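J.: One structure, as C-alpha cells, below. Some questions next.
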Amino acid sequence: MFIESKSGKVALKEQAHGKSVAILSHGYLSNKDSRTNLEVSRLLNQAGISTISYDMYGHGESEGDIEHLTTSKAVDSLNAVYDYAASRYEKIGLDGSSFTGPVSLIVASQRQPDVIALKCPVFLPLELWKWRLGENGIKEWQRKGYLQPFSRKWHYDVYEDAKKYDMRRIAAAITSPALVVHGNLDATVHISHAENLIFSLGSEEKRLVVVEGADHFFRDPEHFRKMSAVISGWITDHLGSQ
C-alpha cells in the first residue's frame with residue numbers, strides 16, 4: 001500500500017498482530033524487504049507485535065530520486081509512516097539501520113516512541129563524510145555536485161542538509177528506552193558512532209550491544225542471528241507481547 005508524505009508517496013508493508021507496532025526502517029540502497037527487516041519482523045510477529053516496513057524516499061516502490069536523497073526527505077517518509085501507525089496502534093517502536101539511524105533519532109526526539117532500536121547507526125553524518133572523503137574530497141564533492149560512494153550518484157545536497165541537524169542535541173532530547181547494536185569490525189560506520197550516541201542519549205534506559213567480529217552487514221549467520229534476536233527481544237520487552 002501507499003501513503004502520502006511531504007516528499008512523495010511511501011510504499012509500506014504491514015503485518016498486523018496486536019495493538020503494538022514496530023516501524024522498521026532500512027539502510028541506504030536497501031528496501032522494506034531487507035534481510036534484517038524480514039527476520040526482525042518474523043520474530044516480532046511471533047511475539048505478537050505488529051510490524052510496518054516501508055521504502056524510504058527514492059528506494060523500492062516509494063517515490064523520489066535516490067540521487068537526491070537527504071536526511072530531511074527520509075524524515076518525511078518516516079513521519080508519514082509514524083502518523084499512519086499512530087492512527088491504528090496504542091504503542092509504537094522505531095527500528096533504524098545505518099543511514100536511517102539519524103532519521104529515527106530525529107523522529108524519536110519529536111515523537112518520543114515507546115522504544116527505539118538501532119543497528120550500526122550513523123550518528124554524526126558530517127563526521128562520517130569527512131572521515132570517508134577528507135576535506136579535499138568534500139570540496140571536490142561540492143564543486144562537482146555529486147559523487148558515487150556506493151556505485152550510485154549522490155548529490156551534495158545530502159551533505160548540506162545534514163548541517164541542519166545537531167545530532168548530539170537531538171539525542172539528548174530523547175527519553176525513550178534505546179538500544180544500539182554495532183559490530184566491532186564495522187568498516188562502513190565506525191563503532192565510535194554507537195559509543196558517542198549512547199553517551200549523548202537522554203534516555204534513562206539505554207544499552208549498547210557490541211557483536212564481536214561483526215561487520216556492517218552482519219554477513220556471518222551467527223552475528224546476524226544475535227543481532228536480530230537482541231533487537232526483536234528489546235522491542236518485545238518494551239512493547240509487550242499481545
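J.: Just going by the charge dipole of the chain, with Lys and Arg at +1 and Asp and Glu at -1 on Cβ, which of Leu78, Val158, Met56 is farthest out on the positive end?
T.: Farthest towards the positive end: Val158.
J.: Tell me the relative contact order for region 1-138 as a rounded percent, counting alpha carbon contacts under 8 Å between residues six or more apart.
T.: Working: 269 pairs, mean separation 35.4, N = 138.
Reported as a whole number, the value is 26 percent.
J.: Is the C-alpha gyration tensor of region 6-46 telling us rounded, prolate or oblate? Criteria: a/c under 1.5 is rounded; beyond that, a/b larger than b/c is prolate, otherwise oblate. Could you put the intermediate results ahead of the total?
T.: On the way: a/c = 2.74, a/b = 1.36, b/c = 2.02.
It comes out oblate by the Cα gyration axes.
J.: Which entries in the list Lys32/Lys164; Lys119/Lys153; Lys13/Lys130; Lys6/Lys130; Lys9/Lys91; Lys13/Lys226 go over 32 Å, if you measure between the two C-alpha atoms of each?
T.: Lys13/Lys130
J.: Report, as a whole number in µm² per second, the diffusion coefficient that Stokes-Einstein gives for region 113-242 at 20 °C and 1.002 mPa s using the Kirkwood radius over alpha carbon pairs.
T.: Diffusion coefficient, whole number: 133 µm²/s.
J.: Cα atoms only: what Rg and Dmax, in Å, come out for region 26-130?
T.: When restricted to the Cα atoms of region 26-130, Rg and Dmax are 13.3, 42 Å.
J.: Quick one: dipole size for region 26-109, taken about the Cα centre, charges +1 on Lys/Arg Cβ and -1 on Asp/Glu Cβ, in debye to the nearest 20.
T.: Magnitude of the dipole: close to 340 debye.
J.: Using unit Cβ charges (K, R positive; D, E negative) and no other charged atoms, how large, in debye to the nearest 20, is the dipole of the chain about its Cα centre?
T.: Working: 28 positive and 30 negative charges, 35 e Å.
Roughly 160 debye, rounded to the nearest 20.
J.: How large is the charge dipole for region 121-215, taken about the Cα centre, if only the Cβ atoms of Lys, Arg (+1) and Asp, Glu (-1) carry charge, to the nearest 20 debye?
T.: 420
J.: Please state the relative contact order of the chain as a whole percent: Cα pairs under 8 Å, 6+ residues apart?
T.: That works out to 21 percent.
J.: On to the next question. Which Cα, out of Trp234, Val189, Pro177, lies furthest along the positive dipole direction of the chain (beta carbon charges, K/R +1, D/E -1)?
T.: Val189
J.: Now for a separate question. Please say if the chain is rounded, prolate or oblate, where rounded means a/c under 1.5 for a ≥ b ≥ c the square roots of the C-alpha gyration tensor eigenvalues, and otherwise the choice is prolate for a/b larger than b/c and oblate otherwise?
T.: prolate
J.: Lys/Arg Cβ at +1, Asp/Glu Cβ at -1, dipole of the chain taken about the Cα centre: which of Leu133, His26, Pro121 is farthest positive-ward?
T.: Leu133
J.: Sorted by average packing, counted as other Cβ atoms within 10 angstrom per residue and highest first, what order do 125-136, 41-52, 143-154 take?
T.: Top to bottom by mean Cβ count within 10 Å: 41-52, 125-136, 143-154.
Taken together, the values in this text are just the output of simple stated rules run on the coordinates, not laboratory data. Everything numeric in this text was worked out from a predicted model, so none of it was measured. Positions of Cβ are generated from backbone atoms using ideal geometry, with glycine treated the same way; all protein chains shown enter the neighbour counts.
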